[in-house]
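All remarks here apply to the structure that follows.
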Amino acid sequence: MIIIIAIGLFNFVVNDNSAQASVSLKPKDKLLIKLGKKIYTQNCASCHGVNLEGEKNWMSRLPNGMMPAPPHDEKGHTWHHNDNYLFMITKYGVEEILGEKYPNNMPAYKEILSDKEIISVLSYIKSTWPPRVQKIHDQINSRSN
């Protein structure tokens, strides 16, 4: 399966027969959200914050060239990306999506979490956004289908 991901003005192709062509987050599924919160706490909170607040000065490069972990709450840019992009970047990581080296600390989770676990974390994150932001995110998803 070939999946094309748009990042800004660029499209990136990921070849993976196990990749999902269409991902849909479920921010109202209470069991999935509970699982997602647990997995987020174990795998994401150390960088992105217990309250999804991200690292301090997350928009400014560190001296080593890395970007601090962004927030996943409504103050960050997570909700600016459609479900498929969020899933793919989490599963495969930035470098595999870009097909080149890119300074970042975000691991690829394809060998760490199952697809369901990734979707549960992303669904948990979306469930914390205010209704207005969730609605905008839904509109972003509808435009990308």
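The values are calculated or read from the model by the stated rules, or taken from the named source; none is laboratory data. Nothing here was measured: the structure is a model prediction, and the numbers come from that model. Virtual Cβ from ideal backbone geometry, glycine too; neighbours counted across all protein chains shown.
Of note, ILE119 does not satisfy the criterion of being at pLDDT 95 or above, surrounded by fewer than 17 Cβ atoms within 10 Å (Cβ to Cβ) and of a type outside the set (Lys, Arg).
Looking at the range 113-145, which of the residues that are touching a residue at least 60 places away in the same chain (Cβ under 8 Å) and of a type in the set (Asp, Glu) is nearest to CYS44 (Cα to Cα)? In this case the residue turns out to be GLU117.
With respect to being touching a residue at least 40 places away in the same chain (Cβ under 8 Å) and under 21 Å from SER142 (Cα atoms), GLU96 falls outside the description. When you check VAL23 against the structure, is it assigned to a loop (DSSP other than H, G, I, E, B), of a type outside the set (Lys, Arg), within 20 Å of ASN141 (Cβ to Cβ) and modelled with pLDDT under 95, yes or no? Considered against the rule, which asks whether it is assigned to a loop (DSSP other than H, G, I, E, B), of a type outside the set (Lys, Arg), within 20 Å of ASN141 (Cβ to Cβ) and modelled with pLDDT under 95, VAL23 comes out as yes. Just name the residue that is surrounded by the most Cβ atoms within 10 Å (Cβ to Cβ) out of those in the range 69-89 that are touching a helix residue (DSSP H, G or I) at 6+ places or on another chain (Cβ under 7 Å) and of a type in the set (Phe, Trp, Tyr). For the range 69-89, the residue satisfying everything is PHE87.
For the residues LYS101, LYS110, the requirement of being surrounded by fewer than 16 Cβ atoms within 10 Å (Cβ to Cβ) and free of Cβ contacts under 8 Å to residues at least 24 places away in the same chain singles out LYS101.
What's the total number of residues in the range 81-138 that are polar (S, T, N, Q) and in contact with a Lys or Arg (Cβ under 6 Å, 6 or more places away or on another chain)? Before the answer, list the steps.
Our first condition is that a residue be polar (S, T, N, Q); within the range 81-138, this holds for 82, 84, 90, 104-105, 114, 120, 123, 127-128, 134.
Filter once more, so that each one left must be in contact with a Lys or Arg (Cβ under 6 Å, 6 or more places away or on another chain): 123.
Final tally of qualifying residues: 1.
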